[in-house]
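**Student:** Sharing a structure below in structure tokens format, with a few things to ask.
The values are calculated or read from the model by the stated rules, or taken from the named source; none is laboratory data. Worth saying up front: this structure is predicted, and the values here are computed from it rather than measured. For neighbour counting, all protein chains shown are included, and Cβ atoms are generated from backbone atoms with ideal geometry for every residue, glycine included. Note: areas computed on protein heavy atoms with side chains; ligands, DNA, RNA excluded. Shrake-Rupley method; radii C 1.70, N 1.55, O 1.52, S 1.80 Å.
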Amino acid sequence: MAYNPKTPTRHRSRSDVAKTPLTPSLLISGFNNVTISSPTKTGGNKSSKYSVADITNPFISRSRPVSPVKRATSGSINVTESLQRQASSGVIRKGGVESKLDVVSRDYVPPPKSEAKRSRSTPAMRDSRDRFITNREVTEVAATLDLVSLNPTTTSPGHTARLVAATGVPINKRVLAYHEAPPAASDTTLNQQRELARPLYARPGTLASSSGAVTNKSRKIATQPERVLDAPGMVDDFYLNLLSWSVLNVVAVALSENTYIWKADTGSVVLVGEAPEGSYVSSVDFSNDGAFLGIGVGTGDVELWDVETGQKLRSMSGHQAQVAALSWHAHILSSACGDGSIWHHDVRIARHKVMELLGHSGEVCGLKWRADGELLASGGNDNVVNIWDGRVGDVNEGSRGVARWTKRNHTAAVKALAWCPWQPSLLASGGGTNDATVHVWNSTTGGRLHSLKMPAQVTSVQWSPHKKEFLTTHGYPSNAIMVHAYPSLDRAAEIRDAHDSRVLFSCVSPAGDMVCTGAGDENLKFWRIWEIPPVKKRKESKEGRSLTGSGILSLR
């Protein structure tokens, strides 16, 4: 008996299979004719025959009703007789309506949402309004706050009464209220006075606190002085010059009518001399070799003292007002007077006055010779800086000098003057409270090279001998010591509130590392501002050695 497989074999010829086209109409009619029948037993034999339906099974019905034909929705294609005829034959015309039907071959994947990217340079837009006060117009804010009131009917009357009694504020009256700005004063004098006094009380916000120093990353200075000396009786006067440091490491300071010498090597203090009764010492300055000390007195006299012996050598009179500044060059001692005149005194001869310089209309409070003695700088209460030529011919008592350069850029008294030691043509000058500016001049061309605005009056200027920096001291409100780089004028370091009062005087040690400052708080403070550069060892040549091994310069 031949075996008939239940399933068609894979090797069956295609010709054995009925070639019937698969069309939608055949599928629909085929599915509609399919019914589900349940098996039922007939007779008593073991063989079972199945009937069409079993009404005892509730889950099986006799016949499945034909599925209703779905109506075409709006926007779909109507199925016409010609379309059904073509579908039954399995032919789709090119360009026909049926060719426009899309066949979905895969699941629909929505495109990714593109997020709006913001440029890095464009800041995010934020609502800058206040969440409580969205509109800061005075009228609208006042109208809004008028609606905010205490309603005594909705609260406990007793509690409201206790609040009124405790606070002392009537009901429905605001503690803080918005009002219109007061009208401007008709008299502008008071406003002008306030503007002039504003620098005295306004502290710059960029500066450091009163207990520290401001330094950059590459520059550090000590915030505390290395030594503090008591100086009772120091006159708090901007126009005086009461401090000097000699090349022999000796400091001279004038305290009221007395002049003292403090020796830094031993720490001993010596009283040099006293001013006449009823007068005071107004200026001091050492000679270039440190052997002599010039003292200016409030009466107009200029005294000459021997530092080693402590004796007064002579007194040179002639000025009609106080001598606020002194400056030495060789045997010439120049004195600045309150009447605007500058005298040159030759301390070797009896008739000491050899020249008079007239170029100021106010008191001369700043005076500095250049190291080579070719130029002399002076500053006065008339806001003028004069540069005088020191190279003169034959001089006598009646000789008059004329300023080589006259500068009127300052707007306040000029007391701070300093010549640059490593660039002799540079002169720095600083003005008082209404000016508070440092100007750097070229003495060769007379031009102004740099200008630097300061937060307070400039009382003194000092150049560093070993570094391209200069130091300034200041009065109210900062009472500071500032170090500035040159020529960038960047602030390298600063000590706020170096004294309890305005810093009026300063001088540099002969080594160039220490700075001594004096102020109205009657203290002398010594600060280490710069470092001494290391000395490079020079190789000694064979010709420079003697037979004994000592240098040839030691043989005389």
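**Student:** Does the range 400-415 contain any residue that is assigned to a strand (DSSP E or B), among the β-branched types (Val, Ile, Thr) and touching a residue at least 12 places away in the same chain (Cβ under 8 Å)?
**Tutor:** There is at least one residue in the range 400-415 that is assigned to a strand (DSSP E or B), among the β-branched types (Val, Ile, Thr) and touching a residue at least 12 places away in the same chain (Cβ under 8 Å).
**Student:** Pick from the range 206-223 the residues that are open to solvent by 80 Å² or more (accessible area, probe 1.4 Å) and either small (Gly, Ala, Ser) or modelled with pLDDT under 55 (or both): which of them is nearest to Ile529 (Cα to Cα)?
**Tutor:** By that ranking, first place goes to Ser218.
**Student:** Still on this structure: Filter the range 482-508 for residues that are part of a strand (DSSP E or B) and within 14 Å of Val438 (Cα to Cα) and give the result.
**Tutor:** Met482, Val483, His484, Ala485, Arg491
**Student:** Next up: Which ones in the range 279-338 are acidic (Asp, Glu) and either closer than 20 Å to Glu356 by Cα or under 45 Å from the mean Cα position of the chain (by Cα) (or both)?
**Tutor:** Residues satisfying the conditions are Asp285, Asp289, Asp301, Glu303.
**Student:** Now for a different question. Taking the condition of being within 21 Å of Leu243 (Cβ to Cβ) and of a type outside the set (D, E, K, R), how many residues in the range 301-318 meet it?
**Tutor:** Number of matching residues: 5.
**Student:** Taking the range 499-522, which residues are over 27 Å from the mean Cα position of the chain (by Cα) and open to solvent by 40 Å² or more (accessible area, probe 1.4 Å)?
**Tutor:** Hits for the range 499-522 are Pro510, Ala511, Glu522.
**Student:** Considering only the range 224-236, how many residues are within 14 Å of Thr517 (Cα to Cα) and surrounded by fewer than 20 Cβ atoms within 10 Å (Cβ to Cβ)?
**Tutor:** 8
**Student:** Which one is surrounded by the most Cβ atoms within 10 Å (Cβ to Cβ), of the residues in the range 286-326 that are among the polar types (S, T, N, Q), assigned to a loop (DSSP other than H, G, I, E, B) and touching a residue at least 12 places away in the same chain (Cβ under 8 Å)?
**Tutor:** The qualifying residue surrounded by the most Cβ atoms within 10 Å (Cβ to Cβ) is Gln322.
**Student:** Next question. Here is a list of conditions, (1) over 27 Å from Ser246 (Cα atoms); (2) open to solvent by less than 30 Å² (accessible area, probe 1.4 Å); (3) assigned to a strand (DSSP E or B), and Phe526 meets all of them except one; can you say which number that is?
**Tutor:** Condition not satisfied by Phe526: (1).
**Student:** Can you name every residue in the range 327-343 that is within 11 Å of Glu363 (Cβ to Cβ) and open to solvent by 10 Å² or more (accessible area, probe 1.4 Å)?
**Tutor:** Scanning the range 327-343 gives Gly338, Asp339.
**Student:** For the range 344-389, name all the residues that are polar (S, T, N, Q), closer than 20 Å to Leu504 by Cβ and open to solvent by less than 40 Å² (accessible area, probe 1.4 Å).
**Tutor:** Ser378
**Student:** Working only within the range 422-478, note down all residues that are among the small types (Gly, Ala, Ser), part of a strand (DSSP E or B) and surrounded by 19 or more Cβ atoms within 10 Å (Cβ to Cβ).
**Tutor:** The answer is Ala428, Ser429, Gly430, Gly431, Ser460.
**Student:** Follow-up. Please go through (1) open to solvent by less than 30 Å² (accessible area, probe 1.4 Å); (2) in contact (Cβ under 8 Å) with a residue 40 or more places away in the chain for Val272 and return the number of the only condition it doesn't satisfy.
**Tutor:** So Val272 meets the others, but not (2).
**Student:** Go through the range 237-269 and give me each residue that's open to solvent by less than 60 Å² (accessible area, probe 1.4 Å) and part of a loop (DSSP other than H, G, I, E, B).
**Tutor:** Residues satisfying the conditions are Asp237, Phe238, Leu240, Leu242, Ser246, Asn249, Ser256, Ala264, Gly267, Ser268.
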